[in-house]
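The structure under discussion appears below in the form of structure tokens.
The values are calculated or read from the model by the stated rules, or taken from the named source; none is laboratory data. All figures in this text were calculated on a predicted structure; none of them were measured in a lab. Cβ atoms come from the backbone with ideal geometry, glycine included; neighbour counts cover every protein chain shown. Surface areas here come from the heavy atoms of the whole protein model, side chains and all, with no ligands, DNA or RNA. Shrake-Rupley method; radii C 1.70, N 1.55, O 1.52, S 1.80 Å.
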Amino acid sequence: MRVVRTRRRAGLRYGTPAARAVPPRGAMVWSLLRRRTAPGLPEPGRCEPGRHVLATERLLLFTPRTRLDMVAGLAASADAAAQRWLGTQADEVLPDADTRRALLAWRPAGEDGRRIPRGLAEPYAPGPDDPFFLVCVRRCDLSYAGGLELQHRTGEMGGWLAPGVRGRGLGAELFRAGVELAHEHAGLATVRAGAEPGNAASLRALARAGFVPDRGPARHTLPDGRVVAAVWHRHDCAAPRRCH
């Protein structure tokens, strides 16, 4: 499983919600004397206005509550293999591989007993016009596992998994969660996702999540400027609803 992209050209560039959550480069060297904990993890079924939480068999997905949640989700997509498909330039926001690994090694809300560094423990609040973004953690060990993004105004979805959890069949669960987010939280009757024809892992995951082929532009421009071939898929619901 690699990535399925949204069609939003802005991606995760500087100035976007994910990029704004990244501390200045010098602040990435954390002091052990500047730590504090965050509240416990959110529970599925307890959404709040602007914040969503849901679960699959192996994944917990929720709207980021701290800067750590946001930048860990970004770090999961910043390696070269993910950027081959996404082209969001997350690797420019987090260019250092050691920093990305360090971010992914943390657990949200200090659930591994460690206190989150102060700069990353600061609360994160999505903007009213931001797409729905859910960070993803594995339920077995609460490790950061990826991210899911839904353009709730256009009904287009994208997602990715962290390097250490790819190839384990989690892609289908990630996109099933995207279907639930779209149909049962955002009130969308149709959700769409695009992928390159050569992205076999994402195409398999979409099919296993119940997506079917759909019409769409044969060429797509990624946020980094590359123009790639694209195929599109959709998932429909006859009775969508909103959680709030």
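Considering region 185-203 alone, what residues qualify as being touching a residue at least 60 places away in the same chain (Cβ under 8 Å) and surrounded by fewer than 20 Cβ atoms within 10 Å (Cβ to Cβ)?
Initially, region 185-203 is screened for residues touching a residue at least 60 places away in the same chain (Cβ under 8 Å), giving 185, 193-196, 199, 201-202.
Matches in region 185-203: 201 only.
For region 113-126, taking the residues that are part of a loop (DSSP other than H, G, I, E, B) and out of contact with any Asp or Glu (no Cβ under 9 Å at 6 or more places or on another chain), the one that is least open to solvent (accessible area, probe 1.4 Å) is identified as 126.
Out of the residues in region 120-171 meeting the condition of being among the hydroxyl-bearing types (Ser, Thr, Tyr) and touching a helix residue (DSSP H, G or I) at 6+ places or on another chain (Cβ under 8 Å), tell me which one is nearest to residue 84 (Cα to Cα).
First pass over region 120-171, keeping only residues among the hydroxyl-bearing types (Ser, Thr, Tyr): 124, 143-144, 154.
Checking which are touching a helix residue (DSSP H, G or I) at 6+ places or on another chain (Cβ under 8 Å) leaves us with 124, 143-144.
Numbers: 124: 28, 143: 24, 144: 21 Å.
The selected residue is 144.
Could you list all residues from region 127-167 that are part of a loop (DSSP other than H, G, I, E, B), open to solvent by 50 Å² or more (accessible area, probe 1.4 Å), over 25 Å from residue 234 (Cβ atoms) and not basic (Lys, Arg)? Listed by number, the residues that qualify are 128, 140, 141, 167. Scanning region 211-222 for residues that are of a type in the set (Gly, Ala, Ser) and either surrounded by 14 or more Cβ atoms within 10 Å (Cβ to Cβ) or not in a loop (DSSP other than H, G, I, E, B) (or both) gives a single hit, 216.
Can we say residue 72 is within 17 Å of the chain's Cα centre (by Cα), assigned to a loop (DSSP other than H, G, I, E, B) and either at pLDDT 50 or above or surrounded by fewer than 20 Cβ atoms within 10 Å (Cβ to Cβ) (or both)?
Details: within 17 Å of the chain's Cα centre (by Cα): yes; assigned to a loop (DSSP other than H, G, I, E, B): no; either at pLDDT 50 or above or surrounded by fewer than 20 Cβ atoms within 10 Å (Cβ to Cβ) (or both): yes.
Spelling it out, it is not the case that residue 72 is within 17 Å of the chain's Cα centre (by Cα), assigned to a loop (DSSP other than H, G, I, E, B) and either at pLDDT 50 or above or surrounded by fewer than 20 Cβ atoms within 10 Å (Cβ to Cβ) (or both).
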